[in-house]
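What follows is calculated from the coordinates using simple rules that are stated; it is not laboratory data. These numbers come from a predicted model, not from an experiment. Please note: Cβ atoms are built from the backbone with ideal geometry, for glycine as well, and neighbour counts cover all protein chains shown.
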Amino acid sequence: MNYIELHKQYKQNSLFGRYITLTDVEPILSKLPSQVIGTSVLGKPIYKYTIGTGKIRVFMWSQMHGNESTTTKALFDFFNIIHSDEPIGETLLNAFTFCFLPMLNPDGAERYTRENANTIDLNRDSVNLSQPESQLLRKAFDDFKPDFCYNLHDQRTIFGAGDKGNVATVSFLAPSFNDNRDVNEVRSKAMNVIVAMNEELQKHIPNQVGRFDDGFNLNCIGDQFTYLGVPTILFEAGHFQDDYYREYTRKMIFIALVSGLRHIYENDVVDNKNALYLQIPQNNIVFYDFIYKNVKINYDGKEIITNFAAQYKEELIDKKILFNAYIAEIGDLKGKFGHFQYNAHKMTYSDNEENFPKTNQKAIFCLGKDIKFVNGLKK
């Protein structure tokens, strides 16, 4: 199957970039047989969309964290394929019954925050169920009684697949169900599907698939649902080279969704592929957006050669996400990589402040007499 061509044909082009809100998806949902199952803290509707006639029941939710929109875009791309005339669309609807909550945290999406309007992380509210959004998610889970759960998220640009300088464009996790991180049949089923998705993704993003940390926390929804006996898969949409809008990553998530579901209906998912799952490199915090090496600075009256890093902060200004770069770390930076790297070859650092890079300072500076950097980038 040509997944790249399939995505090109069925991509939901009205959704683009990082700032995806209820205003963007509601016109699409209004054309689908979706229903409002409740409201957020600020009274925004939360939609559920159920489709399919198959015996395998799959529950998916996205934008539990409001500023994590890549998987939402991929989910609407997926909606287009299951509504198409493509044979795979008909096959999926015959094999599965799907229940989707396409945007669980519309208040956070509007404000571009991880938390909801009460500043609660919904992914840490699975025991207390203190928030209306958490309660709606749990009720949908209890009512639907899924065979698989897909927990759809984004991750920051800081993550690498392992520690060799490979970007973690997509990461997965089969969550734990106890503190010992034991593997039972429930976790093993999730691992098998992840292995299948990884095998396909390696054809498109070799060495750029990671495995998220499986430390147990019952307050996290994936751990909670695994604890309750349902195989659950965490999706983390990460960075691809020069893809800060995450349009290429959304394509990889789409491919993962379709290929993983094909594996479920075509294969016996009780096969033990745990060893292959554990071979997927662990996510590690090894990246900055920018690293500048061999920079000469005046420190305490002495000239030294050092390195420093800058990191984008995603800031919502006038309903647009701006990527503003700030100095993040100065020093050896051993084991760290930059999505953008510049070797200063001992040129002198200067800026309009104290001619010394300081953390949380905007990345506007010069190297040597003529090379200027604005917002981290060479002008």
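For the residue pairs Lys293/Lys369; Lys44/Lys139; Lys296/Lys372; Lys73/Lys203; Lys251/Lys320, the C-alpha atoms sit more than 20 angstrom apart in Lys73/Lys203; Lys251/Lys320.
The charge dipole of the chain, taken about its Cα centre with unit charges on the Cβ atoms of Lys, Arg (+1), Asp and Glu (-1) only, comes to about 740 debye.
Span-like helix check, the chain: qualifying full DSSP H segments, with Cα axial length of 27 Å or more and mean Kyte-Doolittle of 0.0 or more, are 247-266.
For region 49-165, what class follows from the C-alpha gyration tensor (a ≥ b ≥ c being the square roots of its eigenvalues): rounded when a/c is under 1.5, otherwise prolate if a/b is larger than b/c, else oblate? Note, shape of region 49-165 comes out oblate. Grouping the Cα pair distances of region 287-378 into 10 Å bins from zero gives a pair-distance distribution of 17, 52, 24, 6, 0 percent in increasing distance order. Dipole orientation for region 3-285: of the candidates Val195, Ile280, Tyr245, Tyr245 has the Cα lying most toward the positive pole (charges on Cβ; Lys, Arg +1; Asp, Glu -1).
Shape call for region 219-267 from the C-alpha gyration tensor, a ≥ b ≥ c root eigenvalues: rounded (a/c under 1.5), prolate (a/b greater than b/c) or oblate? It is oblate, given that a/c is not under 1.5 and a/b is not larger than b/c. Each of Leu322, Gln311, Ala344 was placed along the dipole of region 287-378 (beta-carbon charges, centred on the mean Cα), and the one lying farthest toward the positive end is Ala344. Take every DSSP beta bridge whose two residues both sit in the chain; close to 60 percent of them are antiparallel. Placing +1 on the Cβ of every Lys and Arg and -1 on the Cβ of every Asp and Glu, with no other charges, gives region 1-44 a dipole of roughly 40 debye about its Cα centre.
Only helices enter this figure: runs of n ≥ 4 DSSP H residues, each worth -39500 (n - 2.57), summed and divided by the residues of the chain, yield -8500 deg cm²/dmol at 222 nm to the nearest 500. When restricted to Cα atoms, region 101-249 yields an Rg and a Dmax of 15.8, 44 Å, respectively.
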